[in-house]
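Peer 1: Mind having a look at this structure? Questions to follow.
The values are calculated or read from the model by the stated rules, or taken from the named source; none is laboratory data. Values in this document were obtained by computation on a predicted structure and should not be read as measured data. Every residue, glycine as well, gets a Cβ built from its backbone with ideal geometry; the counts of neighbours run over all protein chains shown.
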Amino acid sequence: LEWTRRQVDTFYHSPSGWLKLREVEGCPAELISYRRSVENSGPRESDYHILRIDEPSELHSVLESSLGILGRVEKRRALWIYRNTRVHLDRVEGLGDFLELETVLADIDSAEGTAESEEVINLLELDRESFISVPYLELLRET
């Protein structure tokens, strides 16, 4: 176990992809923009950019007034790392518990990343029938 922390993600309307301000207890905030396919519930690539934010309340005010708030996700996340894969165990307020795998392709290519994702899925004996492709924000809107 690397760490367990409370995270609050505030999502803003964005013309393309997702834009969120992540506030994490004991850490600097981050502005994260990303695009991820929701076409399938298995391994899929995500293109993202992360910017460290020292004054999250000021940025939140600017983003709220210019883009508007799409929603908010509050969770407690535990993180484990297996080689290039981040294993997140999330307890999401209003939804329950989820496991998320994120294989980072910084030092490996897409094929190696897919192979590693498959290895972790098999090691954890995950049931593919239980995989979902819908983000927490969308699940919260459906409840």
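Rundown of residues vs (1) closer than 26 Å to residue 10 by Cβ; (2) within 14 Å of the chain's Cα centre (by Cα); (3) of a type in the set (Ser, Thr, Tyr), yes/no style:
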{"site": "30", "(1), (2), (3)": "yes, yes, no"}
{"site": "75", "(1), (2), (3)": "yes, yes, no"}
{"site": "83", "(1), (2), (3)": "no, no, no"}
{"site": "122", "(1), (2), (3)": "no, no, no"}
{"site": "130", "(1), (2), (3)": "no, no, yes"}
{"site": "139", "(1), (2), (3)": "yes, yes, no"}
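Peer 1: Mind listing whichever residues of region 1-20 are part of a strand (DSSP E or B), surrounded by fewer than 13 Cβ atoms within 10 Å (Cβ to Cβ) and not polar (S, T, N, Q)?
Peer 2: 3
Peer 1: Next question. Could you check, for region 24-47, whether at least one of its residues is modelled with pLDDT under 95 and farther than 30 Å from residue 122 by Cα?
Peer 2: Yes, because at least one residue in region 24-47 is modelled with pLDDT under 95 and farther than 30 Å from residue 122 by Cα.
Peer 1: Just the residues that are among the charged types (D, E, K, R) and under 17 Å from residue 73 (Cα atoms), please, taken from region 1-28.
Peer 2: Passing the criteria: 5, 6, 9, 20, 22, 23, 25.
Peer 1: Can residue 103 be described as of a type in the set (S, T, N, Q), surrounded by 11 or more Cβ atoms within 10 Å (Cβ to Cβ) and touching a residue at least 24 places away in the same chain (Cβ under 8 Å)? Steps first, please.
Peer 2: Working: of a type in the set (S, T, N, Q): yes; surrounded by 11 or more Cβ atoms within 10 Å (Cβ to Cβ): yes; touching a residue at least 24 places away in the same chain (Cβ under 8 Å): yes.
In short, yes.
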